[in-house]
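Comments concern the structure below.
The values are calculated or read from the model by the stated rules, or taken from the named source; none is laboratory data. Only a predicted model underlies this, so the values are computations on that prediction, with no experimental measurement involved. Note: ideal-geometry Cβ built from the backbone for every residue, glycine included; neighbour counts use all protein chains shown.
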Amino acid sequence: MSRIHLNDIAYARSGDKGDICNIAVIAKEKRFYPLILEYLTADVVKDFFGEMVKGEVDRYEVRTLEAMNFVLRNALGGGATRSLRADFTGKTMCQALLRIEFEVAESDLHSMH
């Protein structure tokens, strides 16, 4: 097993609407997309953010773009007009997610090259 960061294989962008944050994750190369699909599940994202995300996390796949969008509900402490959090609009949540690490099987790494 080897450890990789999501940042090594993907780009990300985040935004908000009320108390919902969305994070788009886009594979840097087409060959990385299957690996991201396998390892970056909605449960992994929910666990990564822990108590920050009080609601559900849904993943929507956009295979034609080698991308996915995560919708994190009740994730911004009430939203821009009510939150006491430093990042009440979720703009930096994508940068945090890019720091996630995965234990990847050697066979998966070799299929990336």
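Taken over the stretch 21-46, the criterion of being over 14 Å from the mean Cα position of the chain (by Cα) and of a type in the set (A, V, I, L, M, F, W, C) is satisfied by PHE32 alone.
Filter the strands (runs of 3 or more DSSP E) completely within the stretch 1-54 down to those with at least 1 residues that are modelled with pLDDT of 95 or more. Reasoning before the result, please.
Working: elements: 2-5, 10-17, 20-27.
Qualifying strands (runs of 3 or more DSSP E): 10-17, 20-27.
Among the residues of the stretch 76-113, write down those that are at pLDDT below 65 and among the hydroxyl-bearing types (Ser, Thr, Tyr). Passing the criteria: THR81, SER83, THR89, SER111.
Listed by first and then second residue, the pairs with beta-carbon distance under 7 Å, at least 6 apart or on different chains, first residue in the stretch 60-75 and within 15 Å of ALA12 (Cα to Cα) and modelled with pLDDT of 95 or more, second β-branched (Val, Ile, Thr) and surrounded by fewer than 16 Cβ atoms within 10 Å (Cβ to Cβ), are MET68/VAL62; ASN69/VAL62.
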